[in-house]
Structures are given as C-alpha cells and as structure tokens.
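The structure appears right after this line, and notes come after that.
The values are calculated or read from the model by the stated rules, or taken from the named source; none is laboratory data. Note that the coordinates shown come from a computational prediction; the quantities given were computed from them, not determined experimentally. A quick note on method: Cβ atoms are made from the backbone with ideal geometry, for glycine too, and the neighbour counts reach across all protein chains shown. Heads up: the accessible areas ignore ligands, DNA and RNA and are worked out on the full protein's heavy atoms, side chains in. Shrake-Rupley method; radii C 1.70, N 1.55, O 1.52, S 1.80 Å.
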Amino acid sequence: MSPVATRQPGWADSLTERASAFIDRRSSRRGFIGRTAMVGSALTVAGSTYVLKPTSAYAATCRCLGRTCNCTDLCCDGYTEFCCHLFGENSCPTNTILAGWWKVDNSSYCSGAARYYMDCNKRSPNCGCGSSGVCRGNDTTCQCRACGNRKDGCTAFRYGNCNNNVSCVGPIMCRVVTCTKPWEIDPGCTTVARTDNNTRYHHRPCLEPDPEPTATHYSLVRAFYADYLGRTASQGEYDGWAEYLARRDQNARTVSLRFARSDEYINRFLNELYQSVLGRNGDPRGMESWRNQIKNGKLTSTVAAQFYASDEFFTKAGSVEGYVDALYREILGRKADPKGRQH
C-alpha cells in the first residue's frame, strides 16, 4: 500500500471534522450528523473545489437552479418567493390555493405578535398525488427569476393545515405573509400550528403599507391633468393617482409616461394637430395610424414635424413663400424676418 493511501483515512477524518466546524451558519441547526453528511456530499459532488479552495461545505454543494449566482443570493437559500414581489399582491394568485401555513413567534414586523407565512400551491396539477396530497408535475416551471429572487414553482410540499378537502395540489408558487391569522383569511385553514423561526427576517418592501400621499403628489396629479389632458381630475382620479404616486416603487416619470401614452392625451393631441395644421378633423384611419405610432414610442414632436412636412399642409399654404410664412407663423408664432424667409 502506498504512503499516500496509508495517510488517506486520517486525512479524510481530519478534513471532515475541520470543515464541519466552519460550516455555514444556515446549516448549524442540523447538528453534527447533518453537518458531516453535508461535508460528505461536498467531497462527493465537488471534491476538488471543496478541498483545494477556501469554501464551506454548503457553498460547495449549493445549487441555484442553474443560475450563476452566489450561494448567499436569495435564489440559493431554498425558500420560496413572496407573492407580492412576483405578482404585485400579497394574496394567492390565480390558479393557486392556500395549502398550508407556518409562523414565526414574536415578530418585530407584527409588533411582537406572531407573523404567518402561507403557501400558495398550484391548483389542479397534471399529476397524481397519492397519500402525500402534493406532486411536482411537469407543467410548472421551477425557477428563480433573478439571483435576488427566491425560487417559485419548485417545492412540492404542503403542511396539511389548509384546505385538506382538496386532495391534490402542485408545487408552491409563492407565499403570502401577514400578521393576520390564516384561518381568519381562509376558513379552510385550521389552527394547527407549524413554526419556523429561521424565516423571521424574510421580508420584502411590498409587504409594507404604502405611505400616505403628500401635497406634492396631489400637485403633480393636478399638473398632469392640466398639461396633458386640458382638464381637471375627478375626485376619484385625483385620489387614485396621488396614492399611486405615493407607492415606493413609483415615481413622477413613470406616471408622466402613463399620461403621455393614454388614449385621452393622444386623441387630444392629434385632434388639435389636425385642426391647427391641416384645418380639418382627423379621419378615422389616419387617427388610428398615428395613435398606434405614438403608443409604440414615436415622439409627438416627430408626429407634428411630419404633419408640417406633409403635402397636404404645403398645398394648403399655396406656394413656397406661403409655406415658409406658415411655418414661421404656426411653429414660431411670429412673422418671418426677410433674411430668414429668403433663406
């Protein structure tokens, strides 16, 4: 037996003990058996990486759904993403069902009370569940949509304390988080508690209530209606847009673009352009064509330039001189100076 082979068992034991001592915090709850099992997996799955590079067993074995993410990214932590982050609402999305819940105790997000995490599993999967009540199926994409997103559509699991009358559900698509007891949200949930305090600090800004609109928000709404639409807003419009502006993920530029792409503004702009440049109402076919171009990103200044450059406007002016005079009058709001007119 070679000297290297003779030293191998002791070297492997020492490596296992040393690596177990420095393993990532997220696996500390597993205990010695779990830690050494992970080290064994690291040696098997990523032996050279684990042995030759300074890394933990978790880092050597972590898998991020095929993405090139760091093991510390949310994509790789094994938990499911919040519904409000993926779908905009802190509720189960279409074609899902609340299939279970757990809690964390003494949550700072709930003023020291329990915080509840509810799994939204896919409804009507294309697979048979058997006694487990949940199956993976092959009609759902398992993914994390970015390294900063937790996974969705991956975990085939149910706690079994919600809607047990539904015998078969698919994987967890997202989770709802609230300070309200699950059985008060969905009568199909029972009071049978599961606790996982490891999720205590899982959070997203979309779970926080939106701030109240300020005077600045209301002033912006007033200006948008006056400048874009030439009218005052109804009270419902006024309050709705101010509340929209107050949201953390919105800004004035986003709302301004919404107004600039609205049918009401585009129709007003085109009607005024037809009247001021061509002296007539817009024909339906022409209005539809210009409306689509603006909605697809064409600048209104470009549209106006094309109106002034049209054969119809030139013919209406009657001559080259008349055309130049009309451009000065309509665009610059003054008479042409002799030198400019001659040019």
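Can you list which of the chymotrypsin sites (Phe, Trp or Tyr not before Pro) found in the range 146-226 are DSSP loop residues with at most 10 other C-beta atoms within 10 Å? Here the chymotrypsin sites (Phe, Trp or Tyr not before Pro) that fit, given the DSSP loop and packing criteria, are Tyr201.
Using the Cβ-Cβ distance between Met287 and Arg334 with R0 set to 30 Å, the FRET efficiency from 1/(1 + (r/R0)^6) comes to roughly 0.50. Here the range 118-172 has an Rg and Dmax of 11.5, 36 Å, counting Cα atoms alone.
The residues of the range 84-124 present an accessible area of 42 Å² per residue when probed at 1.4 Å with all protein chains retained.
Each of Asp210 and Ala260 was given a label point 7 Å from its Cα along the Cα-to-Cβ line. The distance between the two points is 2.2 nm. A Stokes-Einstein calculation at 20 °C with viscosity 1.002 mPa s, built on the Kirkwood radius of the range 139-277 over Cα pairs, returns a diffusion coefficient of 109 µm²/s. Accessible surface area normalised per residue over the range 131-269 is 53 Å², counting heavy atoms of protein chains with a 1.4 Å rolling probe.
A full extension of the chain between Thr72 and Leu327 corresponds to an added length of 85.6 nm, given 0.36 nm per residue minus the alpha carbon distance.
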